[in-house]
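Report on the structure given below.
The values are calculated or read from the model by the stated rules, or taken from the named source; none is laboratory data. Quantities reported herein were computed from a predicted structural model and do not represent experimental measurements. Virtual Cβ from ideal backbone geometry, glycine too; neighbours counted across all protein chains shown.
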Amino acid sequence: MPRQPIGIDDLTVHSHQLWNQQWLLLTGGDFAAGRYNTMTVSWGSLGTIWNKPFAQVVVRPSRYTREFLEQFPTFTLSAFPSQHREALKLLGTKSGRDGDKIAESGLTPCASQSVAAPSFEEASLVIECRKMYWQDMDATHFIDPAIATNYPRNDYHRIYWGEILAVSGTNDYRP
């Protein structure tokens, strides 16, 4: 079923399941310029801040996609039906620095409706965002010491907040 625009107030997701079990592709760059990269993400959130709908994503300094998030003002989050799970595994383990992992995945990048960062034809949900804030994670602020076990190399994430500008999805994401 093709994606249709969804008003932010009508978007229906099981947030924990979306991030933790379904996963998303985080894509930064500019589709028209042919400069972009994507990576699989399973940590993040959706919500409201400063009276705006937002998506929050975290990216380690070593990830190639982070260079695109730094250079370009927009990003997308794309969710997929379960038959694309192997493609998401590949896109989460290989680096775009080493070759065309997107082509290898079999997924099809396409222009998004309101941002320069691409989305994917096969996606069942696309969330289009414009960066509004970033902050580097500070380990001295971990209240639960167990969190530090996620960072054996001290490669703390950069946190990006993006204002949600547009959403499109299948009926699975509508009330």
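Could you please give the count of residues in segment 15-53 that are in contact with a helix residue (DSSP H, G or I) (Cβ under 9 Å, 6 or more places away or on another chain) and outside any strand (DSSP E or B)?
First, pick out the residues of segment 15-53 that are in contact with a helix residue (DSSP H, G or I) (Cβ under 9 Å, 6 or more places away or on another chain): 22-30, 35-47, 53.
Next, only the ones that are outside any strand (DSSP E or B) stay: 22-23, 42-43.
Here the count works out to 4.
For first residues located in segment 1-14 and part of a strand (DSSP E or B), partners that are surrounded by 11 or more Cβ atoms within 10 Å (Cβ to Cβ) and modelled with pLDDT of 95 or more and lie 6+ apart or on another chain with Cβ distances below 6 Å form the pairs PRO5/SER168.
Quick one: which residue in ARG153, ARG130 is basic (Lys, Arg) and touching a Ser or Thr at 6+ places or on another chain (Cβ under 7 Å)? Walk me through how you get there before you give the answer.
On the way: ARG153 fails: touching a Ser or Thr at 6+ places or on another chain (Cβ under 7 Å).
Among ARG153, ARG130, only ARG130 is basic (Lys, Arg) and touching a Ser or Thr at 6+ places or on another chain (Cβ under 7 Å).
Yes/no per residue for (1) within 15 Å of the chain's Cα centre (by Cα); (2) at pLDDT below 95; (3) under 28 Å from ASN171 (Cα atoms):
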| site | (1), (2), (3) |
| --- | --- |
| ARG63 | yes, no, no |
| PHE80 | yes, no, yes |
| ASP98 | no, yes, no |
| SER114 | no, no, yes |
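Residues checked against (1) closer than 25 Å to VAL167 by Cα; (2) of a type outside the set (Gly, Ala, Ser); (3) in contact (Cβ under 8 Å) with a residue 12 or more places away in the chain:
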| residue | (1), (2), (3) |
| --- | --- |
| LEU77 | yes, yes, yes |
| PRO81 | yes, yes, yes |
| GLY92 | yes, no, yes |
| SER95 | no, no, yes |
| ALA116 | yes, no, yes |
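For segment 73-91, the condition of being surrounded by fewer than 21 Cβ atoms within 10 Å (Cβ to Cβ), over 20 Å from GLY47 (Cα atoms), in contact with a helix residue (DSSP H, G or I) (Cβ under 8 Å, 6 or more places away or on another chain) and of a type in the set (Lys, Arg) holds for none of the residues.
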